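K.L.:
Below are the C-alpha cells for one structure; questions will follow.
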Amino acid sequence: MNKDLQDLIRVSILFGSDPSFVIAGGGNTSYKNEEKIWIKASGISLATIDENGFVSLSREKLKLISGKQYSADPLLRENEVKSDLHSAIVSPKNLRPSVETSLHDLIGYRYVVHTHPTKVNGVMCSQQAEETCQQLFGKKALFVPYTDPGYTLFKKVAEGIKKFSQDQGFEPQMIFLENHGVFVGADTTGEIETIYAGMMQAIDAKLDRQLPDTERKPINSKLIEQVDALHPGYKGYTAVGFKSGLVDHFVAGEGSFKKADKSFTPDDIVYCKAHYLYIPSSMNEPELMANARAKVTAYFDRYGYLPKVLALQNQGVIGVEESRKSAQNVLDVYENILKISFYSENFGGPKFLNDDQIAFIDNWEVENYRRKMAKS
Ligand SMILES: [Zn+2]
C-alpha cells in the first residue's frame, strides 16, 4: 500500500473514532490523484476502516456525471446517478462508493475529510448558521444553504466552489453545509488536522453555556421491558434507555422537548427517523402504559412508521430498534441531537429540517440502503 493511502487510513480512523466528529457510520474521507479517487465505501465505519473499506473510481468517468442531463424526477435521477457512479468504479466492484463521492471529487485538494462535528452542527443547525459562519471564518470558508442530498447538493456545491474560487483566487478548504456538517480539504492530512483544530477553537470561543452533565444513568421503566406491548409493529424489537443532566434538560416538559423533537440532518433521519415522541409522565404505571400506547398509535397513524425515540417526561430517553446494537445507535445519534440543540442556543436557537426536506430523505432509496447497512 502506498504512503498516501496509509495517511488516508490514519486520518480516517483519527476522526472516525472521535464521537464528537462522527456518530454511528457517518462521515467519509477520500484521497485523489490525477486519475483516481479513493473514497470510503457506503456502510463502512471510519473508526475501523482499512484498505478494504475504500473504493477507487475513475475521475474522468466521475466528471461525466457533472455534465450530464439527468431525469427531472428526483428518484429516477438519483438512480441514474447511482448507476453512473457504479460505472466509474475501478475496484472493487462489489462495494458501493459513498453517496457523496462526486462532492469529494469536486474539492481541489488531495485529501478530504467530511464529518458532522457536534459543535459545528450546533452552528449549522441554528437560526444563524450563515452569519455565524461568516463571522467566524469570513472569506476562508464556503457556506452552502441546505439542499436535498444527492445530485442537487452536488450541483449546488459545484456552483459554490466555482464562484468562491473566482472571487478569492483559491479553492475553499472549509465547506460548511447547513443542517449537515463540514468538508475539509488539504494536500496533506496534517493540514486537515490543523484546519479542524482551528475550526473547533473558533466555535468554542463562541459557546457561552457549558453542556449539562452527559454521564448516562440507567432508567427503570416498564416501557423498556414491555416496548412490544405498545404497538404490534414493535414485536421482536428491543428498547434501551438512559438519563443524564443533558436529557433532563429536554424532557422536563413539552415546551423544552419542542427544542429536540425533530431531526436536524439527513443522518438523523437515517438512524432515528424524523420525529421524536414525547410521553408525559403519569402517577401510576398502567396509566403511563395506556398513555404511551395511545401516543405511539397516534404517531404511527400520522407518519406511517413507528417512532424510534421515545422521551419520557422527567425520566429519560428510550431508543427502540430491531437489535440492542441498533437501539443503542439510535440513542447515540439522538443524544447528539440534544447536544446540537443545546449548542444552537448560542446562535439563535435550533433550526430543524422542514417537512419537504424530511419527505425527500424518507423517500430516498440510497438512504434506505445505508439504514440497512447500519443495522448489519
Ligand atoms: Zn455527510
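K.L.:
In straight Cα distance, which aspartates and glutamates are under 13 Å from LYS273, not counting same-chain residues fewer than 8 positions off?
P.N.:
Here the aspartates and glutamates satisfying the reach criterion relative to LYS273 are ASP261, GLU321, ASP355, ASP362, GLU367.
K.L.:
Sticking with this structure for a sec: Could you tell me the calculated FRET efficiency between GLU35 and GLN166, based on Cβ-Cβ distance and R0 = 25 angstrom, to the nearest 0.05?
P.N.:
In this case the efficiency is close to 0.40.
K.L.:
Relative to the longest principal Cα axis of the chain, at what angle does helix 151-168 sit, 0 to 90 degrees, rounded to 10?
P.N.:
The answer is roughly 50 degrees.
K.L.:
So how tilted is helix 3-16 from the main axis of the chain? Cα-based, degrees 0 to 90, rounded to 10.
P.N.:
The angle comes out at about 20 degrees.
K.L.:
Taking the Cα centre of each part, how many Å lie between segment 72-129 and segment 223-251?
P.N.:
The distance from the Cα centre of segment 72-129 to that of segment 223-251 comes to 33 Å.
K.L.:
For a label point 7 Å from the Cα of LYS206 along Cα→C-beta, name the residues of segment 103-136 whose backbone N is under 15 Å from it.
P.N.:
Counting backbone N atoms under 15 Å from the label point, the list is 117-136.
K.L.:
Of LEU153, SER98, TYR109, whose Cα points farthest to the positive end of the dipole of segment 96-156 (charges on the beta-carbon: +1 Lys, Arg; -1 Asp, Glu; origin at the Cα centre)?
P.N.:
TYR109
K.L.:
On a 0 to 90° scale, report how tilted helix 189-204 is relative to the longest principal axis of the chain, with both axes built from alpha carbons and the result rounded to the nearest 10.
P.N.:
So the inclination is approximately 40 degrees.
K.L.:
Full-extension gain between ASP356 and GLU159, please, as 0.36 nm times their residue separation minus the C-alpha to C-alpha distance.
P.N.:
On the way: separation 197, 0.36 × 197 = 70.92 nm, distance 2.29 nm.
This chain segment gains 68.6 nm when fully extended.
K.L.:
Let me ask another. Once you put a point 7 Å from the Cα of GLU130 and another 7 Å from the Cα of GLU254, both along the Cβ direction, what distance in nm separates them?
P.N.:
Between GLU130 and GLU254, the simple spin-label model gives 3.4 nm.
Since every read-out is calculated from the coordinates, none of them should be taken as a lab result. Quantities reported herein were computed from a predicted structural model and do not represent experimental measurements. Reconstructed Cβ throughout: ideal geometry from the backbone, glycine too, with neighbour counts over all protein chains shown.
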